[in-house]
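Novice: Mind looking over this structure? Questions follow.
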Amino acid sequence: MRIGLIVGPWFTVPPERYGGTERVVDALARALVDAGHEVLLATTADSSCPVPHLPGFEASRPEELGSSLSELAHVIKAYRGLHDVDIIHDHTLVGPLYAHRPPCVPVVTTIHGPLFPRAIELYRDMAPDTAVLAISHDQHSRVPELPIAAVIHHGLDPSTVSVGAGQGGYACFVGRMCPDKGLLEAIDVARAAGMPLRIAAKMHAPEEKQFFGEVIEPMLGPNEEFLGELSDPEKFQLMGEATVLLNPLQWHEPFGLVMIEALATGTPVVATRMGAAPEIITDGVTGYLGGTDQLAHLVNAARTLNRADCRRSVDEYFNAARMAADHLRLYSAVIDQFNVKGLSDDADVHQNQRQAPINL
């Protein structure tokens, strides 16, 4: 199978630091190649993912994050270059709505972000001729009427993450500097548990800096250490020596890659029962789930959990090979349905029939 992957123009694949979607696509691309398939990646010119790249793109521009002009120019160029693949997996929001995408190539897209009302309308509009994937059952349950071709959990390559000893004597928080991620709650929980807290957080956007300056920074005391944004090796070292990863989410996060990263280092996760957390954490085995007011007690209980069980959950399920296999089954089904609809080599026929719904 020859697979085209499209990622947005703002971050490299893999990302140098923060970037969940780009991190997932990097793991997926490598695993697809390892499974014997060809991958052509439409990404920024400075990306280092070791698969063939579609040429002609500019370097990443994180300062333009969310810019429609940069995203549109990027995806149009991507679709023009991916006219001879078997299937296109588009990880952008606007790409599947491009009217002039290759009519002979089926398209799959993944919902990486929250399903706000406007986003729901966009995915509903693209669903008639695009297979839409969810990244958790919780995400899908938020809008059950949205046609979803499959739910595929994220995975990572366990060989890239070393298991830590967990002897640092601290809890850690890793995420983005915003109220939804629960950093304010993590500070309170760690203090109530009597455990130092080390904080690694992405803080680029103005609202992130404002939240830090107005809410978090005045709260920091001798119990907390703010580390800023870390590279992958620094992040995995932080997680691996932590007693527990605190993830007191205050919103229904669609997945939460940070949780499987912590598990890969052998570190259990204590989280609120929000979003996809119950699909990732086996309560009482790889961490604990509860209300915010219960987490301090659960942090201390997590000290007794077996770190080997945490790592095993990634080795056996939350790994890139399983993620790739799930995608390959989906790709094959989409291609089969696309061909069964009687599409011929006539471009006019393709254009007339590509609106038929994809139901897997």
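The values are calculated or read from the model by the stated rules, or taken from the named source; none is laboratory data. Because the structure is a prediction, the values reported are computed rather than measured. Please note: Cβ atoms are built from the backbone with ideal geometry, for glycine as well, and neighbour counts cover all protein chains shown. Heavy atoms of the whole protein, side chains included, go into the accessibility calculation; ligands, DNA and RNA do not. Shrake-Rupley method; radii C 1.70, N 1.55, O 1.52, S 1.80 Å.
Novice: Suppose we filter the stretch 1-26 for residues that are more than 17 Å from Val108 (Cβ to Cβ) and in contact with a strand residue (DSSP E or B) (Cβ under 6 Å, 6 or more places away or on another chain); how many remain?
Specialist: So the first thing to find is which residues in the stretch 1-26 are more than 17 Å from Val108 (Cβ to Cβ), and the list is 9-20, 22-23, 26.
Next cut, in contact with a strand residue (DSSP E or B) (Cβ under 6 Å, 6 or more places away or on another chain) only: 18.
Qualifying residue count for the region: 1.
Novice: I'm trying to understand the selection: among the residues of the stretch 184-199, which are of a type in the set (A, V, I, L, M, F, W, C) and either surrounded by 21 or more Cβ atoms within 10 Å (Cβ to Cβ) or over 21 Å from His252 (Cα atoms) (or both)?
Specialist: Matches in the stretch 184-199: Ala186, Ile187, Val189, Ala190, Ala192, Ala193, Met195, Leu197, Ile199.
Novice: May I ask you to list the residues in the stretch 232-269 that are within 17 Å of the chain's Cα centre (by Cα) and assigned to a loop (DSSP other than H, G, I, E, B)?
Specialist: Passing the criteria: Leu249, Trp251, His252, Glu253, Pro254, Phe255, Gly256.
Novice: Here is a further query. What number of residues in the stretch 95-118 are within 17 Å of Tyr79 (Cβ to Cβ) and under 20 Å from the mean Cα position of the chain (by Cα)?
Specialist: 6
Novice: Here is a list: Glu229, Glu261. Which entry is open to solvent by less than 60 Å² (accessible area, probe 1.4 Å) and at pLDDT below 95?
Specialist: Working: Glu261 fails: at pLDDT below 95.
Checking each option against the conditions leaves just Glu229.
Novice: Which condition does Lys181 not pass, out of (1) out of contact with any Pro (no Cβ under 7 Å at 6 or more places or on another chain); (2) surrounded by fewer than 21 Cβ atoms within 10 Å (Cβ to Cβ); (3) among the charged types (D, E, K, R), if it passes all the others?
Specialist: That leaves (2) as the condition not met.
Novice: Also: Select from the stretch 148-163 the residues that are open to solvent by 30 Å² or more (accessible area, probe 1.4 Å) and farther than 21 Å from Leu115 by Cα and write down the one among them that is nearest to the chain's Cα centre (by Cα).
Specialist: Asp157
Novice: Taking the stretch 203-220 on its own, how many of its residues are more than 15 Å from Leu184 (Cα to Cα) and among the charged types (D, E, K, R)?
Specialist: Matching residues across the stretch 203-220 total 1.
Novice: I want to confirm something. Restricting to the stretch 122-147 and keeping residues that are modelled with pLDDT of 95 or more and assigned to a loop (DSSP other than H, G, I, E, B), which single residue is nearest to the chain's Cα centre (by Cα)?
Specialist: Per the stated criteria, the residue is Ile135.
Novice: Further question: Among the residues that make up the stretch 281-293, is at least one of them of a type in the set (Gly, Ala, Ser) and assigned to a helix (DSSP H, G or I)?
Specialist: No; the residues of the stretch 281-293 include none that is of a type in the set (Gly, Ala, Ser) and assigned to a helix (DSSP H, G or I).
Novice: Also: Quick one: which of Gly213, Gly175, Gly166 is open to solvent by less than 60 Å² (accessible area, probe 1.4 Å) and assigned to a loop (DSSP other than H, G, I, E, B)?
Specialist: Criteria check complete, one pass: Gly166.
Novice: Follow-up. Looking at (1) farther than 19 Å from Asp157 by Cβ; (2) in contact (Cβ under 8 Å) with a residue 24 or more places away in the chain, which is the only condition Gly291 fails?
Specialist: Single failed check for Gly291: (2).
Novice: From (1) β-branched (Val, Ile, Thr); (2) under 18 Å from Ala324 (Cβ atoms); (3) at pLDDT below 95, pick out the condition that doesn't hold for Ile87.
Specialist: Only one criterion in (1) β-branched (Val, Ile, Thr); (2) under 18 Å from Ala324 (Cβ atoms); (3) at pLDDT below 95 is unmet by Ile87, namely (3).
Novice: For the stretch 317-360, give me the residue count where each residue is at pLDDT below 50, open to solvent by less than 40 Å² (accessible area, probe 1.4 Å) and under 16 Å from Val108 (Cβ atoms).
Specialist: Count: 3.
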